[in-house]
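Trainee: Dropping a structure here in structure tokens format, bear with me for questions.
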Amino acid sequence: MRKIIDTFGKYLVVALIMIAMFLFYTSVERKPLLAKDNTKFVKAVVIQNDNEDLQAAADLESGDSQEVVLRIKSGSHKGEEVKAYSLNGYLYGANCKVGTRVIANISEYNGNLSANVYNYDREPEIIALLAAFFGLMWLVGGKKGFNSVLALIFTFAVVVMMYIPMMYIGVSPFIAATLSVVIITLITFILLADFQKKSIGAMLGTIAGVVVSGLIALVFGHFGHVTGYNVDDIENLIYVGQNSKLDIGGMLFSGILIASLGAVMDVAMSVSSSLHEIKENRPDISAKEIFRSGINIGRDMIGTMSNTLILAYAGGSLGLVMIIYAYSYQMHQILNMYSVAIEIMRGISGTMGIILTVPITSLIMSVLLTQKGKK
């Protein structure tokens, strides 16, 4: 009976936190930044395209657009038919054929509808991909796979419903990120490993490693003259900041905490779990030996996990790297570009957080596993 209560107790805690975050999310008032032009985005399907063969042959560079007829599939105008234009571009529009599912933006003026094709309707494919992902985790991982799915959903909810709104209302981005990291770490490890010594050690090691990563980035940013105002889309962010209490300068560094959390969490859990297993097999092992074992175990992880983080940032910046390569930028120019400095700061500070997580977690576990008292 107690095991059942403990099992469902953690799910109840997760549900209560989710409800609290949702209430906080809905309580935040956002100032409208777009003019009210009665534009709505709806699902639609192409039912007519008289020049389909000719228009489909138009390439993206031509800038041609298609004139089609859509049947609206959602919203207050569901079932109605409307003429629309589809821009033949890289980011917007679609190559429309009869039966193509699209998202259209429609506006109504004096009872007349006007519409444009915004993009393809990818929602069914996205839902199918997510369902396959979560289903595979559950199928292969069993109960722990199910808990992993819950942990991922919870992490997404924390970022969207707590971390972002907190910064919007004026909370320090670093404090908002730290609080989010603590909550995500605690709930994730409780779901995956319950509340025991190895999960406690992993929690503390993760939080310490992530915070250290953020502090290293802050120090580099200060001496390297890099701030949150040197990022892409700064014009849009300044406009958001003018209509909210957002601290734009701190967003860059708080994002590093969130970005490095997954890799640091992996290292901390691997080290703590390994040390816990060693203690189970050698009850007489000393704290010093546990710490030394943790360092040896961590050394094998540092290289691969560092590559994981660095390659993730490199992959995200592939467009920038290709431009630098194609235009043959000079080395002094490359190293002193804001975008390059930011990516270096993110990758190196995150990796240093991973490296320092190993001795921190090893030290914490050496204390937890050798303290006297009940297990």
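The values are calculated or read from the model by the stated rules, or taken from the named source; none is laboratory data. Predicted model, so just to flag it, every value in this text is computed and none were measured. Don't worry about glycine lacking a Cβ; one is built from the backbone with ideal geometry, like all the others, and counts go over all protein chains shown. These area figures cover heavy atoms from the full protein model, side chains too; ligands, DNA and RNA do not enter into them. Shrake-Rupley method; radii C 1.70, N 1.55, O 1.52, S 1.80 Å.
Trainee: Would you call residue 245 farther than 17 Å from residue 354 by Cα, outside any helix (DSSP H, G or I) and open to solvent by 20 Å² or more (accessible area, probe 1.4 Å)? It would help to see each step written out before you state the result.
Mentor: On the way: farther than 17 Å from residue 354 by Cα: yes; outside any helix (DSSP H, G or I): yes; open to solvent by 20 Å² or more (accessible area, probe 1.4 Å): yes.
Judged against the criteria, residue 245 is a match.
Trainee: Another question about this same structure. In the stretch 178-187, what count of residues is obtained for those that are open to solvent by 10 Å² or more (accessible area, probe 1.4 Å) and closer than 23 Å to residue 11 by Cβ?
Mentor: 5
Trainee: Please enumerate the residues belonging to the stretch 184-210 that are closer than 12 Å to residue 258 by Cβ and hydrophobic (A, V, I, L, M, F, W, C).
Mentor: Within the stretch 184-210, 184, 210 qualify.
Trainee: Residue under question is residue 175, and the condition is that it be surrounded by fewer than 15 Cβ atoms within 10 Å (Cβ to Cβ) and at pLDDT 90 or above; does it hold?
Mentor: So residue 175 passes the test.
Trainee: Any idea which of (1) under 30 Å from residue 371 (Cβ atoms); (2) of a type outside the set (Asp, Glu); (3) buried (at least 19 other Cβ atoms within 10 Å of the Cβ) is the one residue 256 doesn't satisfy?
Mentor: Of (1) under 30 Å from residue 371 (Cβ atoms); (2) of a type outside the set (Asp, Glu); (3) buried (at least 19 other Cβ atoms within 10 Å of the Cβ), only one is false for residue 256: (1).
Trainee: Would you check which residues across the stretch 324-343 are assigned to a helix (DSSP H, G or I), of a type outside the set (A, V, I, L, M, F, W, C) and surrounded by 13 or more Cβ atoms within 10 Å (Cβ to Cβ) and list them? Even if it seems obvious, please write down each step before you answer.
Mentor: Taking the stretch 324-343 and keeping what is assigned to a helix (DSSP H, G or I), we get 324-326, 331-335, 338-343.
Keeping just the survivors that are of a type outside the set (A, V, I, L, M, F, W, C) gives 325, 332-333, 338-339, 343.
Once the filter is applied, which keeps residues that are assigned to a helix (DSSP H, G or I), of a type outside the set (A, V, I, L, M, F, W, C) and surrounded by 13 or more Cβ atoms within 10 Å (Cβ to Cβ), the stretch 324-343 yields 338, 339, 343.
Trainee: Separate question: I'd like to check something: does the stretch 28-43 contain any residue that is at pLDDT 75 or above and in contact with a Leu (Cβ under 8 Å, 6 or more places away or on another chain)?
Mentor: No, the conditions are met nowhere in the stretch 28-43.
Trainee: Considering only residues that are assigned to a strand (DSSP E or B), modelled with pLDDT under 85 and in contact with a strand residue (DSSP E or B) (Cβ under 9 Å, 6 or more places away or on another chain), which ones fall in the stretch 91-111?
Mentor: Passing the criteria: only 108.
Trainee: OK, next. For the stretch 73-87, state whether one or more residues are among the polar types (S, T, N, Q), surrounded by fewer than 17 Cβ atoms within 10 Å (Cβ to Cβ) and more than 30 Å from residue 177 (Cβ to Cβ).
Mentor: Yes: the stretch 73-87 contains one or more residues that are among the polar types (S, T, N, Q), surrounded by fewer than 17 Cβ atoms within 10 Å (Cβ to Cβ) and more than 30 Å from residue 177 (Cβ to Cβ).
Trainee: For residue 129, all conditions in the list (1) over 23 Å from residue 38 (Cα atoms); (2) assigned by the TED database to the domain that holds residue 45; (3) open to solvent by 40 Å² or more (accessible area, probe 1.4 Å) hold save one; what is the number of the exception?
Mentor: Tallying (1) over 23 Å from residue 38 (Cα atoms); (2) assigned by the TED database to the domain that holds residue 45; (3) open to solvent by 40 Å² or more (accessible area, probe 1.4 Å), residue 129 fails exactly one: (2).
Trainee: Within the stretch 150-192, restricting attention to residues that are in contact with a Lys or Arg (Cβ under 9 Å, 6 or more places away or on another chain) and of a type in the set (A, V, I, L, M), which residue is nearest to residue 245 (Cα to Cα)?
Mentor: If we take residues in the stretch 150-192 being in contact with a Lys or Arg (Cβ under 9 Å, 6 or more places away or on another chain) and of a type in the set (A, V, I, L, M), then 169 is nearest to residue 245 (Cα to Cα).
Trainee: Yes or no: residue 300 open to solvent by 50 Å² or more (accessible area, probe 1.4 Å) and over 22 Å from residue 182 (Cβ atoms)?
Mentor: The answer is yes for residue 300.
Trainee: Additional query: I'd like the residue in the stretch 198-233 that is in a helix (DSSP H, G or I) and among the polar types (S, T, N, Q) and, out of all such residues, is most open to solvent (accessible area, probe 1.4 Å).
Mentor: This residue is 230.
Trainee: Scan the stretch 313-332 and report the pairs whose first residue is in the same structural domain as residue 262 (by the TED database) and polar (S, T, N, Q) and whose second residue is surrounded by 14 or more Cβ atoms within 10 Å (Cβ to Cβ) and in a helix (DSSP H, G or I), with Cβ atoms within less than 7 Å and a gap of 6+ or a chain change.
Mentor: Matching pairs, first to second residue: 317/343.
Trainee: Can I ask one more? Quick one: residue 118 ticks every box in (1) in contact (Cβ under 8 Å) with a residue 40 or more places away in the chain; (2) among the hydroxyl-bearing types (Ser, Thr, Tyr); (3) more than 14 Å from residue 41 (Cα to Cα) except a single one, so which number is it?
Mentor: (3)
Trainee: Return yes when residue 309 is modelled with pLDDT under 90 and at negative phi and no when it is not.
Mentor: yes
Trainee: Let me ask something else about it. Restricting the first residue to the stretch 235-249 and requiring it to be farther than 11 Å from residue 173 by Cα, which pairs with a second residue that is outside any helix (DSSP H, G or I) and basic (Lys, Arg) meet a Cβ separation below 6 Å and a spacing of at least six or different chains?
Mentor: Hits for this filter: 243/31.
Quick grid of which residues meet (1) aliphatic (A, V, I, L, M); (2) open to solvent by 50 Å² or more (accessible area, probe 1.4 Å); (3) under 17 Å from residue 222 (Cα atoms); (4) assigned to a helix (DSSP H, G or I):
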{"residue": "319", "(1), (2), (3), (4)": "no, no, no, yes"}
{"residue": "322", "(1), (2), (3), (4)": "yes, yes, no, yes"}
{"residue": "354", "(1), (2), (3), (4)": "yes, no, no, yes"}
{"residue": "359", "(1), (2), (3), (4)": "no, no, no, yes"}
